[in-house]
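Taking it in order: structure first as structure tokens, then the write-up.
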Amino acid sequence: MPTLKFTPISCVEPGNLAALLDEEERCWMTDLNWDYAPIRRILASFSEQRLLPGYVALNEQCAVGYTYFLTHHSKGIIGTVFTSRFEGAQEAADEILALAIECLKDTAAIRRIEAQIIPFNDLSLTAAFTRHGFQCHPRYYLELDLDSRQLPAKRPRPEKIVAWNPSFLPLAAEATLNSYRDQPDAQLCADYRTLEGCKSYLGSLMENPGCGSFLPEASFVVLDELGTCCGFLISSQIAQAAAMIPQVAIPPSHQGRGLGNALMHGCLSYFKARNYHTVSLTVTKQNRRAFEWYTRLGFRVRKEFGAFVWER
């Protein structure tokens with residue numbers, strides 16, 4: 001096993017990190033059919049400006065692993081833990097993760113740390129997070145093959161389904177809050193617990209490339225005759241012929257009426273008509289109702305990963 005040095009990202013020459021970021025980008029495409037280039041460019045830019053907090057594992061001057069994290073008010077978010085394939089990669093991942101967690105815990109203002117990390121190159125992160133006092137919530141990355149699946153049946157209904165408009169954001173935030181109240185996902189994402197948090201989260205889906213490039217024309221809202229938001233679905237593009245649904249929400253008072261299937265029909269029809277090949281989404285394993293619904297629609301597990309939460 002090589003002798004490794006562990007150092008903050010800000011102490012590493014950006015060029016020494018480039019090959020590792022390139023490898024991570026290839027893993028996202030190979031394993032998930034996801035073009036990670038937009039996110040990679042942001043990370044590289046912050047690294048070049050010495051503004052990316054995190055740690056790197058170095059073999060001599062070659063970066064073989066890294067993790068980065070962000071802070072927002074009293075919350076820390078660990079963005080990734082990635083290593084190349086080599087003997088000792090797991091130990092390197094555990095060490096850089098420990099350094100990031102220690103840094104965040106040593107920051108008095110941080111009351112909560114969240115991480116949703118899809119592992120590559122056979123890394124396992126659950127044991128390391130658990131050792132540091134995190135709760136683990138298993139999640140699935142699901143994918144639908146549009147070329148081989150029939151779309152959900154479209155049925156006449158009194159509600160109106162319309163394409164996304166920015167004016168819908170407050171309504172969608174309220175629908176999100178009501179949908180996730182007392183649900184497992186509210187345990188792993190604190191934003192789901194408040195109206196402002198829901199607004200911020202939905203806004204980030206539209207403004208940042210973390211879940212792909214937002215597609216308003218493939219995102220839909222269900223309105224009743226009074227203009228009440230009965231549910232909504234947000235779509236994004238993650239590769240040339242690959243889409244994602246990073247958010248779908250139907251408040252409990254409107255569930256069981258086929259609104260979810262109606263939203264899915266509009267979304268999947270849009271992508272199929274434009275020759276997309278796949279649509280993906282994520283779901284928490286504990287949310288059996290949602291998982292079984294997605295399975296009935298034809299989504300299949302492509303990768304399992306973890307959501308991890310620590311609270312002071």
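The values are calculated or read from the model by the stated rules, or taken from the named source; none is laboratory data. Predicted model only: the values in this text are computed from it and were never measured. For neighbour counting, all protein chains shown are included, and Cβ atoms are generated from backbone atoms with ideal geometry for every residue, glycine included. Side chains are part of the model used for accessible areas, which takes the heavy atoms of the whole protein and leaves out ligands, DNA and RNA. Shrake-Rupley method; radii C 1.70, N 1.55, O 1.52, S 1.80 Å.
Around Leu52, under 15 Å between beta carbons, what's the net of Lys plus Arg minus Asp minus Glu among the other residues? Show your work: numbers first, answer last.
Working: positive: Arg40, Arg41, Arg50; negative: Glu13, Glu24, Glu48.
Result for the local shell: 0.
Angle between the Cα long axis of helix 89-105 and the longest principal axis of the chain, 0 to 90 degrees, nearest 10?
Once rounded, the angle reads 80 degrees.
Run the dipole for the stretch 13-124 about the Cα centre, Lys and Arg Cβ at +1, Asp and Glu Cβ at -1, nothing else charged, and hand back the magnitude in debye, nearest 20. The partial results should precede the final answer.
Values: 9 positive and 17 negative charges, 122 e Å.
That gives the stretch 13-124 a dipole magnitude of about 580 debye.
Ignoring any ligand, DNA or RNA, what whole percent of the accessible area of the stretch 167-312 comes from carbon and sulfur when the probe is 1.4 angstrom? All intermediate terms of the calculation are to be shown ahead of the outcome.
Details: 3010 of 6200 Å².
Looking at the stretch 167-312 in its full context, I get 48 percent from C and S.
What list of ³J(HN,Hα) values in whole Hz, one per residue of the stretch 276-283 in order, does the Karplus curve 6.51 cos²θ - 1.76 cosθ + 1.60 (θ = phi - 60°) give from phi, with Gly and Pro shown as x?
6, 9, 9, 10, 10, 7, 10, 8
What does the accessible area per residue of the chain come to in Å², with a 1.4 Å probe and no ligands, DNA or RNA counted? Working shown, then result.
Values: 14490 Å² over 312 residues.
With the other protein chains kept in place, the chain gives 46 Å² per residue.
Pairs of alpha-carbon atoms within less than 8 angstrom and 6+ residues apart define the contacts here; what relative contact order does the chain have, in percent?
21
In debye, nearest 20, what is the charge dipole magnitude of the chain about its Cα centre with +1 on Lys and Arg Cβ and -1 on Asp and Glu Cβ, if you could check?
On the way: 31 positive and 33 negative charges, 225 e Å.
It works out to roughly 1080 debye.
Bins of 10 Å, beginning at zero and ending with the bin holding the largest distance: percent of Cα pairs per bin for the chain, please.
Taking every Cα pair in the chain, the percentages come to 6, 26, 34, 22, 10, 2, 0.
Give, as a single signed number, the net charge of other residues whose beta carbon lies under 15 Å from the beta carbon of Phe291, with Lys and Arg counted +1 and Asp and Glu -1. Please report the intermediate quantities before stating the final value.
Numbers: positive: Arg139, Lys285, Arg288, Arg289, Arg296, Arg300, Arg302, Lys303; negative: Glu143, Asp185, Glu292, Glu304.
Overall, the nearby charge balance is +4.
Distance in nm between label sites at Ala98 and Gln286, each 7 Å beyond Cα in the beta-carbon direction?
2.8
Nothing charged except the Cβ atoms of Lys and Arg (+1) and of Asp and Glu (-1): what's the magnitude of the dipole of the stretch 192-306 about its Cα centre? Round to the nearest 20 debye. Numbers along the way, then the final one.
Values: 12 positive and 7 negative charges, 109 e Å.
About 520 debye.
How do the peptides 143-150, 100-107 rank, highest first, by the average count of neighbouring beta carbon atoms within 10 Å per residue? Walk me through the numbers on the way to the answer.
Working: 143-150: 14.8, 100-107: 16.6.
Per-residue mean Cβ counts within 10 Å order the peptides as 100-107, 143-150.
Kindly flag which residue pairs out of Lys160/Lys303; Lys160/Lys199; Lys5/Lys105; Lys154/Lys199; Lys154/Lys303 have an alpha-carbon separation exceeding 27 Å in this structure. Spell out each step's value before the answer.
Numbers: Lys160/Lys303 35 Å; Lys160/Lys199 23 Å; Lys5/Lys105 22 Å; Lys154/Lys199 30 Å; Lys154/Lys303 30 Å.
Pairs exceeding the cut-off: Lys160/Lys303; Lys154/Lys199; Lys154/Lys303.
If Arg40, Arg85 are ordered by their accessible area, calculated over protein heavy atoms with a 1.4 Å probe, which sequence runs from highest to lowest? Write down the numbers at each step before the final one.
Details: Arg40 40, Arg85 150 Å².
I get Arg85, Arg40, largest accessible area first.
Taking θ as phi - 60°, what are the ³J(HN,Hα) couplings along the stretch 301-307 by the Karplus curve (6.51, -1.76, 1.60), each to the nearest whole Hz, with x for Gly and Pro?
Couplings: 5, 9, 7, 9, 8, x, 10 Hz.
Relative to the first principal axis of the alpha-carbon coordinates of the chain, what is the inclination of helix 14-32, with its axis defined by its Cα atoms, in degrees from 0 to 90 and to the nearest 10?
Rounded to the nearest ten degrees, it is 40.
What residues qualify as long-range amide H neighbours of Arg302, i.e. H under 5 Å apart, gap of 5 or more or another chain, H built at 1.01 Å from N?
Counting only residues 5 or more places away or on other chains, the set is Tyr141, Leu142, Glu143.
What is the set of long-range amide H partners of Ser280 at a cut-off below 5 Å, with H atoms built 1.01 Å from backbone N?
When sequence neighbours closer than 5 places are left aside, the close amide H contacts are Leu144, Ala243, Met244, Ile245.
What ³J(HN,Hα) values, in whole Hz, does the Karplus curve 6.51 cos²θ - 1.76 cosθ + 1.60 give for the stretch 42-53 when θ = phi - 60°, with x put for Gly and Pro?
5, 4, 5, 5, 5, 5, 4, 8, 6, 10, 9, x
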